[in-house]
Amino acid sequence: MSSFDSWLSKRIDKTKKAGLYRTLRTMYSAPHSEMEIDWQRQTVFSSNNYLGLAGDEQLIYAAEAILHEFGVGSSGSRLTTGNTIWHKNLEKRIASFKQMEAALLFSNGYLANLAVLTSLPEQGDVFISDQLNHASIIDGCRLSKADTVVYRHIDIHDLEEKLKETKCYRRRFIVTDGVFSMDGTIAPLDKIMRLANDYHAYVIVDDAHATGVLGRNGRGTNEYFGVNPDVVIGTLSKAVGTEGGFVSGTKVLVDFLINHARPFIFQTSIPPSSCAASYVALELIERGSEKRKQLLSNVKYIKNKLENLGFTVKGDETPIIPVIIGEPDASVTFSKRLQEKGIYAPAIRPPTVPHGESRIRLTVTTEHSSTQIDHLLDSFKVIGEELKIIQVVKS
Ligand SMILES: *Cc1c(COP(=O)(O)O)cnc(C)c1O
């Protein structure tokens, strides 16, 4: 082995010893509640396709029509030849969906976060960031000119403490996920907005998991709480079912980002066909309150049943249902046993979650049938008893 490879192998071995080694699985079918994973049929309880839109025929038709007209790739960055009428249409649609003045598209949510967080602050500014914020927020803060102060997860008192401690900074940006991706908790945006007002801070929300899911029309945490943060970031890759990220806010904000955000300036834009699919998805989402009700009733049902079995279940009423197992090895075994029963729900381990809180992270979609859900719950009972995660339940 070359010295290069042996150096890397040693580091991989360390990862393996810590029980944190990861491998890829291959999907051989479209994203629905049942998929061919490594040639095995599995019921999937881990996708972000909350409303089943990723495989929706109406989106496929919309994308196909534009694909024939505009081709496969966009051919340039937005500031050169990559800005089609479909990019503009979709941005207008996102702005009206989010009920903001304007919106700007990015290749994905990760880059949307990097774009905002690296371009907005100047030297002498500070981010006040929730402890469990998504990796793309953490990376954005690190790459920026601002300092970062972390507050305890959704702890409004600690946030106020941090606001008091950071009075020497020029500008302060409170930055938070709307719905936290690993804990399924909802950020208390109403309280955060009130504090921001009292302490003259700006609020940036990453609504990746709330878009399409929370609020009467699925607009996200801003609709859920009836508030207007300064910047709302989101992704089209979760409930919307397509790909792309966005930032919504004022026209001035969008104008600023077009001129200052490097991930916007130096990246080829997403294909117009994808924009067309997203456009249709947003129409369906706004009119989809029945689907959302069904989604949240699936969530309630599963959470109640798991808690009654004796599992520790985290989170608020969102489609993300983290079931705490404890040690990384036990979580991996649990996930493997689920797979043997035809259920795909990966174990989430450190560094993604804190030590001792390794978990099975379930997600529910509108495509899950009651038969699939009951099979999930039966399997959790059997495996939970077997691995002594819960006590034997006599029935
Ligand atoms: C998934 C996710 C992102 C990244 O979005 P992509 O479009 O997949 O790049 C950003 N923030 C949060 C909170 C997410 O869950």
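Structural remarks
- Distance between the 7 Å Cα→Cβ label points at TYR301 and GLU385: 2.3 nm.
- Placing unit charges on the Cβ atoms only, positive for Lys and Arg and negative for Asp and Glu, gives the chain a dipole magnitude near 540 debye about its Cα centre.
- Over all Cα atoms in the chain, the spread is summed up by Rg and Dmax: 21.6, 67 Å.
- The Cα atoms of the stretch 55-287 cover 56, 36, 28 Å along the three principal axes, with the biggest extent listed first.
- Stretchable slack from SER29 to ALA65, in nm (0.36 nm times residue separation minus alpha-carbon distance): 10.7 nm
- Highest average packing first - 152-160, 113-121, 363-371, Cβ atoms within 10 Å: 113-121, 363-371, 152-160
- Listed peptides 8-18, 100-110, 221-231 by packing density, highest first (mean Cβ within 10 Å): 100-110, 221-231, 8-18
- Pairwise centroid distance, computed over Cα atoms, of the stretch 250-317 with the stretch 112-154, Å: 21 Å
- Pairs exceeding 28 Å between alpha-carbon atoms, taken from LYS17/LYS238; LYS167/LYS238; LYS167/LYS314; LYS314/LYS341: LYS17/LYS238; LYS167/LYS238; LYS167/LYS314.
- Cross-link partners of LYS251 among lysines (Cα-Cα below 23 Å; sequence separation of 8 or more within a chain): LYS88, LYS92, LYS98
Bear in mind that the values in this text are calculations on the coordinates, not laboratory data. This one's a predicted model, so the numbers in the text were calculated from it and none came from an experiment. Note that we place each Cβ from the backbone using ideal geometry, even for glycine, and neighbour counts take in every protein chain shown.
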